[in-house]
Amino acid sequence: MILENIRFLVTQNENREILENIDLRIEDGKITEISENIEAEDEKIDCSNKIVLPGLINCHTHVSMSLLRGVSDDKELDEWLHEEIIPRETELSPQDVYDGAVLGIKEMLKSGTTCFNDMYAPEEKVAEAVDKTGIRAVLANGIIERSDIDSRLEESKEFIESFADHPRIKPAVSPHAVYTCSEAALKTLRDQAEELDTSLHIHLSETKSENEEFEAENGERPVEFLERIGLLDENTIAAHCTHLTEEEIDLLAENSVSVSHNPCANLKLGSGIAPVPALLEKGVSVGLGTDGPASNNSFNMFEEMKFASLIQKNSDPETMSAQQALDMATVNGAEALGLDGIGSVEEGNKADLVAVEVDEAVKPAEKERIVSHLVFSTPSVSETVVDGEVLVRDGELVEKVKDF
């Protein structure tokens, strides 16, 4: 397949090049050639009025919660979670989890997400939805400490082993948070991640009260605690990190922890604004996530990029450029999830791509404004390609995906 006459190709390569009037060839799920006037009998998609960029990477979500969208507004996290969400989640059947995942994946594909990092249970139903729809994902059984903790920990290990060789699923481990998992459970999951060489996905320092209450009970803050028990390393993906001290930012940087920034959900629940500029300045890899649709109401990563930039500009317009926001949704996300070959458009990389129509307001000569347009204008997706397969064409899901 050839994407032909691409008006602007936003590569997100090391030099952040934007190429004009270029062709891109896809073979066996990979980008095999980027050059002018590729001659071949392959299927062609006319991109003469389109911007092509890497598929967007959602670093933190709970996709099956699409069934809980809109059930609770105007509440802080603790009340929202324990009084509104968890009671409803206990009523969800495995079939509900599958149906919610399919619904959420369709929404993600239509808005340009080609890979997502998920925590839920039973996660094998999410994996089934990923397998059938064609999207890419990092998946983990979310662990909350209950009476059946031993069986849940064993299920986590079995899940990783079951999907270890899947071409589009990277299995991972996922303790929900320091306030819902015991130290023993956290250490077991740490050992699973090390033994099975995968990532560990956890909510961390999401609210001010989380930090204060944990410190009051344990004599140390959550980041300090996780560092002490050896849970912070290059395989850790910490979601939120909304309330961090300078010393905690240093600990995350020193231990090569990646952070998923989730601005819309944090704002909706009144959780605060993560210190993303400080994290980036210290060299922390910061990806971008939507969180679940019950706390965000949307999976749209273009919208998330816009919020990620604008909320940091509230007192300094030079802070958090459009390019930094796009990096978080692409190359940073790939790095955070430990996934090679995605996040940038380069020969040899996997063909995870998104095409959007060039808006009439974007003048053809203004190449330097393209990234700004992508981040601040929330464009509509025309094509989404995952692993070389077109899953959205002309803005609509292809029949393979639509039929689920």
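The values are calculated or read from the model by the stated rules, or taken from the named source; none is laboratory data. The structure displayed is predicted, hence computed values, not measured ones. With ideal geometry, Cβ positions are generated from the backbone for all residues, glycine too; neighbour counts draw on all protein chains shown. SASA here: full protein model, heavy atoms, side chains in, ligands and nucleic acids out. Shrake-Rupley method; radii C 1.70, N 1.55, O 1.52, S 1.80 Å.
Only one residue in E84, E33 is among the charged types (D, E, K, R) and either closer than 30 Å to H240 by Cβ or surrounded by fewer than 13 Cβ atoms within 10 Å (Cβ to Cβ) (or both), so which one is that?
So the residue among E84, E33 that is among the charged types (D, E, K, R) and either closer than 30 Å to H240 by Cβ or surrounded by fewer than 13 Cβ atoms within 10 Å (Cβ to Cβ) (or both) is E84.
With V130, V126, V102 as the choices, which residue is out of contact with any Phe, Trp or Tyr (no Cβ under 8 Å at 6 or more places or on another chain) and outside any loop (DSSP other than H, G, I, E, B)?
V130
Regarding H261, is this residue crowded, with 23+ Cβ neighbours inside 10 Å and either under 15 Å from the mean Cα position of the chain (by Cα) or within 16 Å of G338 (Cα to Cα) (or both)? Quick ask: steps written out before the conclusion?
Values: crowded, with 23+ Cβ neighbours inside 10 Å: yes; either under 15 Å from the mean Cα position of the chain (by Cα) or within 16 Å of G338 (Cα to Cα) (or both): yes.
Yes, satisfied.
Give me a count of the residues in the range 1-28 that are open to solvent by 10 Å² or more (accessible area, probe 1.4 Å) and either assigned to a loop (DSSP other than H, G, I, E, B) or in contact with a His (Cβ under 6 Å, 6 or more places away or on another chain) (or both).
7
Sort out which residues of the range 130-148 are open to solvent by less than 20 Å² (accessible area, probe 1.4 Å) and either at negative phi or without any contact (Cβ under 8 Å) to a residue 12 or more places away in the chain (or both), and write them in order of number. Show your work before the answer.
Step one: filter the range 130-148 for residues open to solvent by less than 20 Å² (accessible area, probe 1.4 Å), giving 130, 133-143.
Passing the criteria: V130, T133, I135, R136, A137, V138, L139, A140, N141, G142, I143.
Kindly indicate the residue of the range 152-170 that is touching a strand residue (DSSP E or B) at 6+ places or on another chain (Cβ under 7 Å) and touching a residue at least 40 places away in the same chain (Cβ under 8 Å) and also nearest to I237 (Cα to Cα) among those meeting that condition.
K170
Return the residue satisfying two criteria in turn: it lies in the range 333-345 and is part of a helix (DSSP H, G or I) and among the hydrophobic types (A, V, I, L, M, F, W, C), and of such residues it is surrounded by the fewest Cβ atoms within 10 Å (Cβ to Cβ).
Taking the candidates together, the pick is A334.
Residue-by-condition table, conditions (1) in contact with a His (Cβ under 8 Å, 6 or more places away or on another chain); (2) free of Cβ contacts under 8 Å to residues at least 40 places away in the same chain; (3) more than 30 Å from D165 (Cβ to Cβ); (4) open to solvent by less than 10 Å² (accessible area, probe 1.4 Å):
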residue	(1), (2), (3), (4)
N255	no, yes, no, no
L267	no, no, yes, no
A278	no, yes, yes, no
G287	yes, no, no, yes
N300	no, no, yes, no
I311	no, no, yes, no
E318	no, yes, yes, no
L326	no, no, yes, yes
V331	no, no, no, no
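Looking only at the range 183-205, which residues are part of a loop (DSSP other than H, G, I, E, B) and among the hydrophobic types (A, V, I, L, M, F, W, C)? Outline the logic, then answer.
In the first step, residues of the range 183-205 are kept if they are part of a loop (DSSP other than H, G, I, E, B); the result is 196-199, 205.
Residue satisfying the conditions is L196 alone.
Only one residue in A184, A164 is open to solvent by 10 Å² or more (accessible area, probe 1.4 Å), out of contact with any helix residue (DSSP H, G or I) (no Cβ under 8 Å at 6 or more places or on another chain) and either under 30 Å from D387 (Cα atoms) or basic (K, R) (or both). Which one?
The conditions single out A164.
On the given criteria, is V63 closer than 30 Å to T378 by Cβ, open to solvent by less than 50 Å² (accessible area, probe 1.4 Å) and out of contact with any Gly (no Cβ under 6 Å at 6 or more places or on another chain)?
In short, no.
Check L244, L196, L189, L231 and return the single one that is at pLDDT below 95, open to solvent by less than 70 Å² (accessible area, probe 1.4 Å) and within 29 Å of I342 (Cβ to Cβ).
Working: L244 fails: at pLDDT below 95; L189 fails: at pLDDT below 95; L231 fails: at pLDDT below 95.
Selected residue: L196, the only one of L244, L196, L189, L231 that is at pLDDT below 95, open to solvent by less than 70 Å² (accessible area, probe 1.4 Å) and within 29 Å of I342 (Cβ to Cβ).
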